[in-house]
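Since the structure comes first, as structure tokens, the remarks are kept for the end.
The values are calculated or read from the model by the stated rules, or taken from the named source; none is laboratory data. What you are looking at is a predicted structure, and each value in this text was computed from that prediction instead of being measured. Neighbour counts are summed over all protein chains in view; Cβ atoms, including those assigned to glycine, are modelled from backbone coordinates with ideal geometry. Remember, those area values only see protein heavy atoms, side chains included, never the ligands or the DNA or RNA. Shrake-Rupley method; radii C 1.70, N 1.55, O 1.52, S 1.80 Å.
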Amino acid sequence: MSTTIERSSQYKVIGKDVLRPDGVDKVTGRAVFADDVHLNGMLHAKVLRSPHAHAKIRSIDVSEALKMPGVRAVVTSEDFPPIPEGIVKEEGAAFFALASDKVLFRGHAVAAVAADSPHVADEALSKIKVEYEVLKAVLDPREAMEPGAPVLHEKLNPMSFGARLEQHSPNALQQITSMGDIEQGFREADVVVEREFTTKTVHQGYIEPQSCVVDTAPDGSVTIWSTCQGPFRHRDNTADLLQLPQNKVKVIPTEIGGGFGGKEVPYLEPMAAILSRKTGRPVKITMSRSDVFEGTGPACASYMRVKFGAKKTGELVAAHLYFCFEAGAFPGAPVGGAVGIGLGRYKIPNQLVEGFDVVVNKPRTQPYRAPGATQIHFATEGVVDELCEKIGMDPIEFRLKNVVQEGDRNVQGVPFLRIGGVEVLEAIKNSDHYKTPLEGPNRGRGVALGFWRNGGGMSSCSISVHPDGTVSIIEGSPDLSGTRTGIGMQAAETLGIPFEDVRITVVDTDSVGYTMGSWGSRTSFATGWAAIEAARDVNLKMVERASSIWSVPPEEVEVSDGTFYHRDDGSKKFTFKQLAARLNATGGPVVGSSVVDPTRGVGPAFAANVVDLEVDPETGKVTILRYTVAQDVGQALHPGMVEGQLEGGTVQGIGWALNEEYFFDNDGQMRNSSFLDYRMPVALDVPMIDTIIIEVPNPGHPYGVRGVGENNIITPPAAIAAAIHNAIGVRMTDLPMSPGYVLQALWQQNGH
Amino acid sequence: MIDFDYAVPTSLSEAVSLMGSNGGSARMLAGGTDLLIMMRAGRRLAKLVVDAKSVPELNELSLTDSGLNLGAATSCKRIWDDEPVVQAYPALNDSASIIGSVQIQGRASVGGNLCNAAPSADCTPTLIVHSGVCTIAGPNGTRQVPVEEFCTGPGTNVLQPGELLVNIKLPSAPTNSGAHYLRFTPRNEMDIAVAGSAAFVQLDESKQNFASARISLAAVAPTPLFAKAAGDLLVGKPVNEESIQQAAEAAKAVAKPITDMRGTVDQRIHLVGVLTARALRKAVERAREA
Amino acid sequence: MAKVIVNAVVNGEPVEFFCEPRQSLLEVIRDVLLLTGTKEGCNDGNCGACNVILDGVLVDSCCVLGVEAQGKTVETIEGLAGTDGDLHPLQRTFLDLTGLQCGICTPGFIVSAKALLESNPNPSEHEIRLGLSGNLCRCTGYDKIVLAVQEAGKMLTEAKR
């Protein structure tokens, strides 16, 4: 079900459920994903991974593996050129050159074998002899911060999500921000709630494993077909690690089978490039599912301590947020981002946020849809729910009282432009769901509010106009979920032509200008903006052409809605198609291009949830009965796809809330590295998700677009925890709220 | 996966002779939903894979007056597609329709579920409460083993090198009887039992008292567990919540679970009580409808 | 063991291929027959991305050996659309109702839903969710997939009338 409010109708293309251009290929099996690429003479490679969480590598002997029939080459870190200090610009990218002196987690890649078939490569892995000196591992971030804990790195890179952190201790970096005087603030509070929360490591759970085909030519140039979110980052990292100029590495992004932050970095491409160079043949590496769980970057686990103080009348007056993110084997947990948005949704005059990025001997983590925000919201919204209970205030009224609005300042002191916090809360308050009383034993209702900053950054685009008036758009943002549709729609709107006249293609790194990856809810916003600018460039050039055809000064020619006309002379008029037909004979084709970096126009956004659920008091199992999400999307480009984002993000959030976790044993081995035991929601685990699309146009974007992709995963764990409390009276402070944990909480409540 | 040979025998004797070859490193393949996954992960090895699906005796599914003859390679799907079998053995349908997913059930066999000998096997407790008997063929002829004695530990069973499971025979269900299997899983489908319980009950003519009962548990011991004492104590007892709770407590008393990624000892013992009570209630309901 | 010759009917066409016994049907379909619409998501029967219909039965092709296809019929996603390019009603409704995002699970879902609708042409929401529980989707949250299957069921039922 969907209710759309504040529907704008000023656009001809934007806001319509057009048919996605890649759709037919995807429903017929024609779409080419990385593992679907077959090249002549292609070899298959498999990766050997560390069986230890922390160990020195004494020696690696590959001779027996190389003797196996069908084995063509082996790569270890020794095959990579020495990397001069500072040359690898991305944090921790040296990781992708295989483990050299130490392995830092179970699953750390140590070597790879290329062979005639994947089966032979797999068998050959067992013939590689690695001698390890096992070191004491540290698996808990709080222990890792203690003096005397095993140390993973000689030094830590202080950059985290664009923020510079301070060294705290050998395994930890920190970032602290504050505003006002929290001690004074807590003294002014009538009610103070303080609690500790934890969340476990979770995986993005994309269905397509990491995969690439790499072909290294005799001149050393490298061509990569890869399922990746950011082809330019893949290119830069690979060029850095192989010491190649960037124009010698071409990344061709294939269709991508989900990413959610997990496919931002090149786990396989650099080693495949070396295997291809050694053999002179293309090499494919596709991860197994257990490789994906153990060898790629899940989302960080967390420990959080939250203290909030409020007046009896509901105003928040002080907040202290302390959190440790478990970065895994390398620093880079989303501390900077979480510090920025952790308390950002409420007006809190006195606040202190202390964030820690802590390395432990577990997989190196990666972003996952609104990185860091889900963890922080679980904790902080949990405390808010408790404050509402203590004060005796409706949870939506409490939030309406405190939510930031236009003109309020963010943590950096910058005033917000128009934002939709009030709108999403009002939408939930006025929803049929919230207005319908929930009845029955062991049932409960919870609400939560989520806030996400969204992203901007660099994107490029170019548009060629064809003689028949159709256009081709090329851009560099891998399409995870339909972004090329929304980008094409923005171009069509700007050109004033039907969407059907637009063909849009995601191209390789040689064919389009630098474009940041498809992450951070930036793609439809920033690459969409690039498409708008490229379309404006086309319009400008076509205006010039019309002026030259008509022999009038260009400033006398105007364009509106795909029609070019002389401002005074009604006889001088071209439709887009008419003018396109004249181009080749009147000076050549028109190609519009653009490069944008619209960081200033980024519009942060809110989502609010209400959930009804039932707890089975005998087993602790939670069943979601009804779920409504309201999200401010700025301007819905393609409402069907926007709904899909809200539904999909919510269900991921439900999975995180109820069942998903990495189950590590005491040796740091993940025991549930399969889809069977990792337990992502199946269709029968969830109800229909009701979506309310709120359109509070982003004043910073030509069409009011805000990021949509991430906000929806932030709130479900918090909303579900509140509903469980409402159902059975227990405060859940740890994720996942799995049946065993709920049962235990019930036992504690009953003095069991 | 390590390389292996593949054979498709068309008679039981041929299958037995193939299983006896290769120094006992042959493996039967029925649905393959466990075997192939384990071989791929290197947890099972085979030099020879013997496909069971062309041996008539291994694929029989016949319901007669004396009971059910369930060929070892019969898929779960064939069970839930067979209305008379579902009517006669609803608990078998309970088990066969929750293993994996529809696409797994199209291949996975009840016999394979038993031979795989996972403590969490969903079919085995049902076969136990129905007093199933295994027919085993080998180089020295055939022998019979009650299902409850078939599994010997996690992943191990009584089959000797060269032997294979031919079928499982379930006696016909007596009048006024009913059975049910259920398990607890965090997900609603596609999951492995944290704990499971099968109950078979026969009521007296008044349908107010238990005449006999059998209870069997999944995932709470090194093997699927026959909780004999829990069923026995119901004999002669009135059908009421008190009796059911006594049996559930007795089932809890024999459970010897471990803590692992799927559940803790305390949680599993607790679930045995909950599930056994629920299984008994449903079995009674079915017995009364019968 | 040396490769063996297997004869099967794939999407209505008789085919003959060589395969090693250890190669799964999924590998054969993708790497030997080059029908890459069938996807590998987990290789252990837990995601449904590799679903095909083998002799009328829906299977995870990663859990079947290629040699087991001997003498059998195999239907893959490539066999669903008509030869004139007409989409199957499920392909149509997945497209029209936005039943896909990244598209990697889509072929498996469509094949699985085809098997479901063949046995139950007019399934309820619950029956669809139950029937498709062997197929994982991480993008959509399943809403639009369920609606697409329901709609395709209606289309197929009406077409039969």
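Of the numbered conditions (1) within 28 Å of the chain's Cα centre (by Cα); (2) open to solvent by 70 Å² or more (accessible area, probe 1.4 Å); (3) not aromatic (Phe, Trp, Tyr), residue A:69 satisfies every one except a single condition; which is it?
So the condition that residue A:69 fails would be (1).
When you go through B:29, B:18, B:35 one by one, which is the residue that is under 30 Å from residue B:191 (Cβ atoms) and more than 8 Å from chain C (Cβ to nearest Cβ)?
Step by step, each of B:29, B:18, B:35 is checked, and only B:35 is under 30 Å from residue B:191 (Cβ atoms) and more than 8 Å from chain C (Cβ to nearest Cβ).
So which residues in segment A:551-600 are part of a loop (DSSP other than H, G, I, E, B), of a type in the set (D, E, K, R), open to solvent by 60 Å² or more (accessible area, probe 1.4 Å) and under 28 Å from residue A:11 (Cβ atoms), if there are any at all?
If the condition is that a residue be part of a loop (DSSP other than H, G, I, E, B), of a type in the set (D, E, K, R), open to solvent by 60 Å² or more (accessible area, probe 1.4 Å) and under 28 Å from residue A:11 (Cβ atoms), then A:561, A:567, A:597 are the ones that fit.
Considering only segment A:503-554, state which residues are under 30 Å from residue A:222 (Cβ atoms), among the hydroxyl-bearing types (Ser, Thr, Tyr) and in contact with a Phe, Trp or Tyr (Cβ under 9 Å, 6 or more places away or on another chain).
A:509, A:514, A:515
Which number in (1) more than 12 Å from chain A (Cβ to nearest Cβ); (2) over 23 Å from residue B:99 (Cα atoms); (3) open to solvent by less than 10 Å² (accessible area, probe 1.4 Å) marks the one condition that residue C:21 misses?
For residue C:21, the exception is condition (1).
Does any residue of segment A:207-223 turn out to be touching a residue at least 12 places away in the same chain (Cβ under 8 Å), open to solvent by 40 Å² or more (accessible area, probe 1.4 Å), assigned to a strand (DSSP E or B) and not polar (S, T, N, Q)?
The answer is yes, given that some residue of segment A:207-223 is touching a residue at least 12 places away in the same chain (Cβ under 8 Å), open to solvent by 40 Å² or more (accessible area, probe 1.4 Å), assigned to a strand (DSSP E or B) and not polar (S, T, N, Q).
Of the residues that make up segment A:226-246, is at least one hydrophobic (A, V, I, L, M, F, W, C), within 14 Å of another protein chain (Cβ to nearest Cβ) and over 30 Å from residue A:713 (Cα atoms)?
Residues of segment A:226-246 hydrophobic (A, V, I, L, M, F, W, C): A:228, A:232, A:239, A:241-242, A:244.
If we keep only those that are within 14 Å of another protein chain (Cβ to nearest Cβ) too, we end up with A:228.
From what's left, over 30 Å from residue A:713 (Cα atoms): none.
No: zero hits.
If you go through segment A:450-464 one residue at a time, do you hit one that is modelled with pLDDT of 95 or more, under 23 Å from residue A:389 (Cβ atoms) and more than 14 Å from chain C (Cβ to nearest Cβ)?
There is at least one residue in segment A:450-464 that is modelled with pLDDT of 95 or more, under 23 Å from residue A:389 (Cβ atoms) and more than 14 Å from chain C (Cβ to nearest Cβ).
Every residue in segment A:253-281 that is over 30 Å from residue C:136 (Cα atoms) and either open to solvent by 10 Å² or more (accessible area, probe 1.4 Å) or within 14 Å of chain C (Cβ to nearest Cβ) (or both), please.
A:277, A:278, A:279, A:280, A:281
Could you please find all residues in segment A:152-191 being among the β-branched types (Val, Ile, Thr) and either open to solvent by less than 60 Å² (accessible area, probe 1.4 Å) or without any contact (Cβ under 8 Å) to a residue 60 or more places away in the chain (or both)?
Within segment A:152-191, A:177, A:182, A:191 qualify.
Can you give me the number of residues within segment A:15-40 that are part of a loop (DSSP other than H, G, I, E, B) and within 14 Å of chain C (Cβ to nearest Cβ)?
Count: 15.
If you check B:78, B:107, which single one turns out to be out of contact with any Phe, Trp or Tyr (no Cβ under 8 Å at 6 or more places or on another chain), of a type outside the set (Phe, Trp, Tyr), surrounded by fewer than 23 Cβ atoms within 10 Å (Cβ to Cβ) and within 14 Å of chain C (Cβ to nearest Cβ)?
When all the criteria are applied, what remains is B:78.
Go through segment A:466-496 and give me each residue that's under 11 Å from residue A:538 (Cβ atoms) and open to solvent by less than 10 Å² (accessible area, probe 1.4 Å).
A:471, A:473, A:491, A:495
Looking only at segment C:85-101, count how many residues are assigned to a loop (DSSP other than H, G, I, E, B) and either within 15 Å of residue C:53 (Cβ to Cβ) or open to solvent by 10 Å² or more (accessible area, probe 1.4 Å) (or both). Reasoning before the result, please.
Looking only at segment C:85-101, we keep the residues that are assigned to a loop (DSSP other than H, G, I, E, B), and these are C:85-88, C:97-101.
Next, only the ones that are either within 15 Å of residue C:53 (Cβ to Cβ) or open to solvent by 10 Å² or more (accessible area, probe 1.4 Å) (or both) stay: C:85-88, C:97-98, C:101.
Adding up the residues that qualify gives 7.
Would it be correct to say that residue C:76 is facing another protein chain (nearest Cβ under 8 Å), at negative phi and either buried (at least 23 other Cβ atoms within 10 Å of the Cβ) or not polar (S, T, N, Q) (or both)?
Values: facing another protein chain (nearest Cβ under 8 Å): yes; at negative phi: yes; either buried (at least 23 other Cβ atoms within 10 Å of the Cβ) or not polar (S, T, N, Q) (or both): yes.
So residue C:76 passes the test.
Filter segment B:134-152 for residues that are within 19 Å of residue B:197 (Cα to Cα) and either aromatic (Phe, Trp, Tyr) or free of Cβ contacts under 8 Å to residues at least 60 places away in the same chain (or both) and give the result.
The answer is B:146, B:147, B:149, B:150.
Report whether or not residue C:132 is closer than 16 Å to residue A:686 by Cβ and modelled with pLDDT of 95 or more.
yes
Matching residues to (1) open to solvent by less than 30 Å² (accessible area, probe 1.4 Å); (2) over 20 Å from the mean Cα position of the chain (by Cα):
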| residue | (1), (2) |
| --- | --- |
| A:612 | yes, yes |
| A:617 | no, yes |
| A:626 | no, yes |
| A:639 | yes, yes |
| A:647 | yes, no |
| A:650 | yes, no |
| A:656 | yes, no |
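Please determine whether any residue of segment A:172-186 is aromatic (Phe, Trp, Tyr), over 26 Å from residue A:355 (Cβ atoms) and modelled with pLDDT of 95 or more.
No: segment A:172-186 contains no residue that is aromatic (Phe, Trp, Tyr), over 26 Å from residue A:355 (Cβ atoms) and modelled with pLDDT of 95 or more.
Here are some residues: B:168, B:215, B:136. Which one is closer than 28 Å to residue B:48 by Cα and out of contact with any Asp or Glu (no Cβ under 7 Å at 6 or more places or on another chain)?
Unique residue meeting the criteria: B:168.
Report yes if residue A:685 is open to solvent by 30 Å² or more (accessible area, probe 1.4 Å) and more than 7 Å from every other protein chain (Cβ to nearest Cβ), otherwise no.
In short, no.
Of all residues in segment A:224-239, which are open to solvent by 10 Å² or more (accessible area, probe 1.4 Å) and outside any helix (DSSP H, G or I)?
First pass over segment A:224-239, keeping only residues open to solvent by 10 Å² or more (accessible area, probe 1.4 Å): A:225, A:233, A:235-236.
Result: A:225, single match.
Which of the residues belonging to segment A:46-76 are away from chain C (no Cβ under 14 Å) and in contact with a Pro (Cβ under 8 Å, 6 or more places away or on another chain)?
A:54 - this is the single residue of segment A:46-76 that is away from chain C (no Cβ under 14 Å) and in contact with a Pro (Cβ under 8 Å, 6 or more places away or on another chain).
Residue-wise test of (1) within 23 Å of residue A:716 (Cβ to Cβ); (2) away from chain B (no Cβ under 14 Å); (3) open to solvent by 40 Å² or more (accessible area, probe 1.4 Å).
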position	(1), (2), (3)
C:83	no, yes, yes
C:108	no, no, no
C:124	no, yes, yes
C:142	yes, no, no
C:149	no, no, no
C:157	no, yes, yes
C:161	no, yes, yes
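Is at least one residue of segment B:86-97 within 26 Å of residue B:284 (Cα to Cα), modelled with pLDDT of 95 or more, among the acidic types (Asp, Glu) and in a helix (DSSP H, G or I)?
There is at least one residue in segment B:86-97 that is within 26 Å of residue B:284 (Cα to Cα), modelled with pLDDT of 95 or more, among the acidic types (Asp, Glu) and in a helix (DSSP H, G or I).
Name the residues in segment A:688-699 that are part of a loop (DSSP other than H, G, I, E, B) and buried (at least 22 other Cβ atoms within 10 Å of the Cβ), would you?
Once the filter is applied, which keeps residues that are part of a loop (DSSP other than H, G, I, E, B) and buried (at least 22 other Cβ atoms within 10 Å of the Cβ), segment A:688-699 yields A:695, A:696, A:698.
Whether any residue in segment B:85-92 is closer than 16 Å to residue B:170 by Cβ, without any contact (Cβ under 8 Å) to a residue 60 or more places away in the chain, open to solvent by 40 Å² or more (accessible area, probe 1.4 Å) and not hydrophobic (A, V, I, L, M, F, W, C) is what I want to check. Give the derivation first.
Initial filter on segment B:85-92 (closer than 16 Å to residue B:170 by Cβ): B:85-92.
Pick out the ones that are also without any contact (Cβ under 8 Å) to a residue 60 or more places away in the chain and you get B:85-87.
After this cut, where a residue has to be open to solvent by 40 Å² or more (accessible area, probe 1.4 Å) as well, the list is B:87.
Narrowing further to those that are not hydrophobic (A, V, I, L, M, F, W, C): B:87.
The answer is yes; a qualifying residue exists.
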